[in-house]
Amino acid sequence: MGPEWLSAVVGQEDLEAADRFWSPDYIQHSAGIGPGRDGILTLVHSVHRQYESGLAVAEGDYVMVHGRFSGGGRPTRIVVDILRVEAGRIAEHWDVMQDEVTRNDSKSGRPMFGSEFPEARL
């Protein structure tokens, strides 16, 4: 399972994708999203953001995807989504998020996502 699951639902607002990608018994651990598939759909309906996926790593039943959420009048967030996959569908989800920093705020001098700082993309 690649990162197209999130791009389809969040980036393209393909709500039918929820039926294809999420288990009916989906378990949500994110503090900012309501329970079950309804929680994902409610989020997609209420917040219009762009999503870019980066690195995806899989081991056994788990997949981690490094991505960026931007737009929608909210700060740009760098996210790692951690998924448990069962029978080809997302069965469980956790995430880790932080605001993306600018070049001036980066002590490492490197962007948090991709090869450019956010101000270079404006």
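Open to solvent by less than 30 Å² (accessible area, probe 1.4 Å), at pLDDT 90 or above and among the β-branched types (Val, Ile, Thr) - does that describe any residue in the stretch 32-48?
Within the stretch 32-48, not a single residue is open to solvent by less than 30 Å² (accessible area, probe 1.4 Å), at pLDDT 90 or above and among the β-branched types (Val, Ile, Thr).
Select from the stretch 61-79 the residues that are more than 19 Å from Thr102 (Cβ to Cβ) and open to solvent by 80 Å² or more (accessible area, probe 1.4 Å) and list them in ascending order.
Within the stretch 61-79, Asp61, Tyr62, Met64 qualify.
Counting only residues that are open to solvent by 40 Å² or more (accessible area, probe 1.4 Å) and over 21 Å from Phe69 (Cα atoms), how many does the stretch 17-31 have?
Just the residues of the stretch 17-31 that are open to solvent by 40 Å² or more (accessible area, probe 1.4 Å), to begin with: 19-20, 24-25, 27, 29, 31.
Filter again for over 21 Å from Phe69 (Cα atoms), leaving 19-20, 24-25, 27.
Residues in the stretch 17-31 being open to solvent by 40 Å² or more (accessible area, probe 1.4 Å) and over 21 Å from Phe69 (Cα atoms): 5 in total.
Select, from Asp105, Asp99, Asp95, the only residue that is under 23 Å from Pro118 (Cα atoms), surrounded by 16 or more Cβ atoms within 10 Å (Cβ to Cβ) and either β-branched (Val, Ile, Thr) or at pLDDT 85 or above (or both).
On the way: Asp105 fails: surrounded by 16 or more Cβ atoms within 10 Å (Cβ to Cβ); Asp99 fails: surrounded by 16 or more Cβ atoms within 10 Å (Cβ to Cβ).
It is Asp95.
Quick check: anything in the stretch 81-96 in contact with a Leu (Cβ under 9 Å, 6 or more places away or on another chain), of a type in the set (D, E, K, R) and in contact (Cβ under 8 Å) with a residue 12 or more places away in the chain? Talk me through it step by step, then tell me what you get.
Restricting attention to the stretch 81-96, the residues satisfying the condition of being in contact with a Leu (Cβ under 9 Å, 6 or more places away or on another chain) are 81, 90-94.
Still in the list and also of a type in the set (D, E, K, R): 81, 92.
Remaining after also requiring in contact (Cβ under 8 Å) with a residue 12 or more places away in the chain: 81, 92.
Within the stretch 81-96, one or more residues are in contact with a Leu (Cβ under 9 Å, 6 or more places away or on another chain), of a type in the set (D, E, K, R) and in contact (Cβ under 8 Å) with a residue 12 or more places away in the chain.
Of all residues in the stretch 49-80, which are over 15 Å from Trp94 (Cα atoms), in contact (Cβ under 8 Å) with a residue 24 or more places away in the chain and charged (D, E, K, R)?
If the condition is that a residue be over 15 Å from Trp94 (Cα atoms), in contact (Cβ under 8 Å) with a residue 24 or more places away in the chain and charged (D, E, K, R), then Arg49, Glu52, Arg68, Arg74 are the ones that fit.
The values are calculated or read from the model by the stated rules, or taken from the named source; none is laboratory data. Note that the structure is a prediction, hence the values are computed from the model and not measured. As a convention, Cβ positions derive from the backbone with ideal geometry for all residues, glycine included, and neighbour counts pool all protein chains shown. Please note that ligands, DNA and RNA were not included when accessible areas were found on the heavy atoms of the full protein model with its side chains. Shrake-Rupley method; radii C 1.70, N 1.55, O 1.52, S 1.80 Å.
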